[in-house]
Amino acid sequence: MLVEFPDKLKCLFEPKRFKVARGGRGSAKSWSFARALLLQGASEPLRILCTREVQKSIKDSVHKLLSDQIEALGLGWFYQILENEIRGQNGTEFTFAGLAAHTIESIKSYEGVDRVWVEEGQVVRKRSWDVLIPTIRKPSSEIWVTYNPELETDDTHQRFTVNPPPDSVVVEVNYSDNPWFPAVLEAERQHSKLTNPKDYDWIWEGKCKPAVAGAIYYDEVAKAEAEKRICNVPYDPMLKVHVVFDLGWNDAMAISLVQKHTSELRIIEYIETSHKTLDYYSVMLKEKHLNWGTLYLPHDGRHKDYKTGKSAEEIMKALGWTVAITPNMSIEDGLRMTRMTFGRMYFDKSKTERLVQCAKRYRRSINQQTQEPGAPLHDEWSHGADNLRYISINSERMTNDVSDNKKPAGELAGCI
């Protein structure tokens, strides 16, 4: 049987531990992976696991794609298509599962798998990869991955494209690499280029997005990247370092260190952790021996803790900090102010990476019935986004005037 493949995907028939194809719509990558696995399964008995991060039902899987390709290849006589699996006459079997539903123990049932195909790999979490990869250990076993990259920092993209593992083949394949790219998709592509230029490169060219779809600060992050404001931002000892807190205990404590030069807001470091007391953060900060300015607490920094009877403001003042309270502003007003302020922000690429990620992933909730956006989501990314909002609200109050501090910065930091 003569079956054609895009030139870039002929590597699917070479023995490699990892076979990874990334790219945009119309590249034929999923179609080619399905065909290659069916052909290999027909030539020798293989256990093949088809998986993705979340699979609520068989409809979420590649079961239908494989079934269509069985018919297209004329292999209906060889493969038996069942409701939840596909079986070959020689003992080959295709099974389907979601990675998120498995634990380290439950996934051990796949130790004897010969091939794993991970579809929609861009959404697979680090935890899932850390569980899956060491489980697939049968001699000559292979892990196949297809994905359209979302963010440059996503674990799948970093794991396979930025830092490819040994014994791997990683290819970028797009519509231009597909000899059978249909006219109907070409018309759709041209229309997308004219009407949706913001997402075109991601949808059709397989390029990483500046932020996730629907991100509140999508345009602002994209502009910051284009203007190279996510870069090396060194500490300037001649400028005050202002400390901006978003308080949390079980939730994350988010802290940004900000210097202001004329209109520029230079975010030189971001810290995010939890279950630490305020005195811990005070010591940690002072050990940096920086030229400290004002420490800004959120408006609830004046609320007294029922256990201690003291507020965060009282505690930090007692520890020697000059403290100011962030004005109480509605979230929506704060978001508008942050958008206006974002163009003045510079982010240290290494020391504020988590904060930039929060900006890239901060989204609104979506009403499942109306599909209308609602309030911003409270999730793992919202703490950094809240901190970013507090930076913006306080930005005009930040100065480099020593007289604004009750104590000289050197004394605060324990410097001579």
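Please determine, by comparing only the residues of segment 260-276 that are loosely packed, with under 12 Cβ neighbours inside 10 Å and not small (Gly, Ala, Ser), which one is nearest to THR341 (Cα to Cα).
THR262
Sort out for me the helices (runs of 4 or more DSSP H) sitting completely within segment 237-355 that have 2 or more residues that are outside the structural domain of HIS378 (by TED's automatic domain parsing) and in contact with a strand residue (DSSP E or B) (Cβ under 8 Å, 6 or more places away or on another chain).
none
Tell me, please, whether a residue that is among the aromatic types (Phe, Trp, Tyr), in contact (Cβ under 8 Å) with a residue 24 or more places away in the chain and within 17 Å of THR338 (Cα to Cα) can be found in segment 280-295.
No.
If you scan segment 90-140, which residues turn out to be closer than 30 Å to ILE203 by Cα, surrounded by 18 or more Cβ atoms within 10 Å (Cβ to Cβ) and acidic (Asp, Glu)?
GLU119, GLU120
Could you tell me which of the residues ASN84, ASN90 is touching a residue at least 12 places away in the same chain (Cβ under 8 Å), touching a helix residue (DSSP H, G or I) at 6+ places or on another chain (Cβ under 7 Å), more than 24 Å from CYS208 (Cβ to Cβ) and in a loop (DSSP other than H, G, I, E, B)?
ASN84
Could you tell me whether PHE160 is in a helix (DSSP H, G or I) and surrounded by 20 or more Cβ atoms within 10 Å (Cβ to Cβ)?
Yes.
Suppose we filter segment 1-38 for residues that are out of contact with any Leu (no Cβ under 7 Å at 6 or more places or on another chain) and among the small types (Gly, Ala, Ser); how many remain?
The total comes to 4.
Condition test on GLY248, is it within 28 Å of LYS310 (Cβ to Cβ) and modelled with pLDDT under 95?
It is true that GLY248 is within 28 Å of LYS310 (Cβ to Cβ) and modelled with pLDDT under 95.
Please count how many residues of segment 295-311 are touching a His at 6+ places or on another chain (Cβ under 9 Å) and surrounded by 22 or more Cβ atoms within 10 Å (Cβ to Cβ).
2
Looking at ALA375, ALA385 in this structure, which one is modelled with pLDDT under 95, among the hydrophobic types (A, V, I, L, M, F, W, C) and either in a strand (DSSP E or B) or surrounded by 16 or more Cβ atoms within 10 Å (Cβ to Cβ) (or both)?
Just one listed residue meets the conditions, ALA375.
Search segment 40-58 for residues that are assigned by TED's automatic domain parsing to the domain that holds LEU73 and assigned to a loop (DSSP other than H, G, I, E, B) and pair each with any residue that is of a type in the set (Lys, Arg) and at pLDDT 95 or above when their beta-carbon atoms are under 7 Å apart and the residues are at least 6 apart or on different chains.
Once the first residue is assigned by TED's automatic domain parsing to the domain that holds LEU73 and assigned to a loop (DSSP other than H, G, I, E, B) and sits in segment 40-58, its partners that are of a type in the set (Lys, Arg) and at pLDDT 95 or above give LEU46/ARG115.
The values are calculated or read from the model by the stated rules, or taken from the named source; none is laboratory data. What you are looking at is a predicted structure, and each value in this text was computed from that prediction instead of being measured. All Cβ positions, even for glycine, are placed from backbone atoms using ideal geometry, and neighbour counts span all protein chains on display.
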